[in-house]
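Below is one structure, written out as structure tokens; comments come after it.
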Amino acid sequence: MNDASSGLRTKNSDRISIATLCRPDGANGLDRTTAEALCDWARYVSDAAQAGSVRVAVLRNEGFAFSVGGDLRSFAAAEDFADELRYVATRLHDALRILTALPIPLVVAVDGVVAGAGVGIAMAGDVVLASDSSKFRMAYLAVGFSPDGGGSWQLARRLGHARAAEFALSNRVMGADEALSLGMVSRVVLADELATMVDEFVMQLAHAPKEAVAETLRLLRSAHSRSLDEQLDDEVDSVARLSQSPDGIEGVAAFFGKRQPIFF
């Protein structure tokens, strides 16, 4: 696992794996080391999720920025700017491919400035919790670039083409409340309440029925690419199978017994 020197500090406890972006002097921008650390964490979480030791993953930040995306200064210091950018973006994309396919929830907690690839990283979360002081900006056109970090895909999917194009092409700053109204984030809370709310929500997920959570995520993630008929067929197969799982049996027994279920 990684430490603060990589720009990503990680902690694992009670079925939860937390990664904290911690390059405050660089606005949590991604250089080669941080991108590699994020990819390493993604692989660890994927393996631990499959083994059942991790039930929820959390990505959060320290400092005034969640992330401003690629660290242009580190690219400029490299022997070849474009090659270094390509390497960092590729490692980031490797991490995002893993994180967005996890059988467990990825919760992203955003506090502060979100720009460039940081926008795509934030929206990779199944649940995105943001402080009211968070601000979003694509920022690519300001330096003559196009989006990376999955930003173009996430924006088009969540906002629709017209709103995504306006936000990306205008290069304007979007506040947390507007991001909530457009579906970029799941919930907005006061900045001094964010940490507590994240902890409570994540703890709830960590003790939720594992297989039911995985099936819920799978159904939600596949819904955009399938017909209603396909989704309905899948739903009935899934819920019927889960009703005979240990957690399903326990859940029903707890319901009729008027008690809290104890999931495995």
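Here, each number is a calculation from the coordinates, and none is a lab measurement. Because the structure is a prediction, the values reported are computed rather than measured. In this analysis, Cβ positions are derived from the backbone assuming ideal geometry, glycine residues included, and neighbour counts consider all displayed protein chains.
Quick look at the values:
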{"read-out": "Sum of -39500 (n - 2.57) over DSSP H runs of 4+, divided by residues of the chain (222 nm, nearest 500)", "value": "-15500 deg cm²/dmol"}
{"read-out": "Table column - 3J(HN,Hα) (Hz), segment 33-42, Karplus curve with 6.51, -1.76, 1.60, x for Gly and Pro", "value": "5, 5, 5, 5, 5, 5, 5, 4, 5, 4"}
{"read-out": "DSSP bridge orientation in the chain - percent antiparallel, rounded to nearest 5", "value": "25 percent"}
{"read-out": "Diffusion constant of segment 73-159 at 4 °C, which comes from Stokes-Einstein with the Kirkwood Cα-pair radius and 1.567 mPa s, µm²/s", "value": "93 µm²/s"}
{"read-out": "Normalised contact order of the chain, rounded percent, pairs of Cα under 8 Å and 6 or more residues apart", "value": "15 percent"}
{"read-out": "Sequence ranges 159-165, 145-151, ranked by mean other-Cβ count within 10 angstrom, highest first", "value": "145-151, 159-165"}
{"read-out": "Kirkwood Rh, angstrom, segment 1-131 [1 / mean 1/r, Cα pairs]", "value": "14.5 Å"}
{"read-out": "Using alpha carbons only: equivalent-ellipsoid semi-axes of segment 210-257, gyration tensor based, whole Å", "value": "24, 11, 7"}
{"read-out": "As computed over the chain, the Cα convex hull volume per residue (Å³)", "value": "136 Å³"}
{"read-out": "Segment 108-264: relative contact order in percent, alpha carbon pairs under 8 Å with at least 6 residues between", "value": "20 percent"}
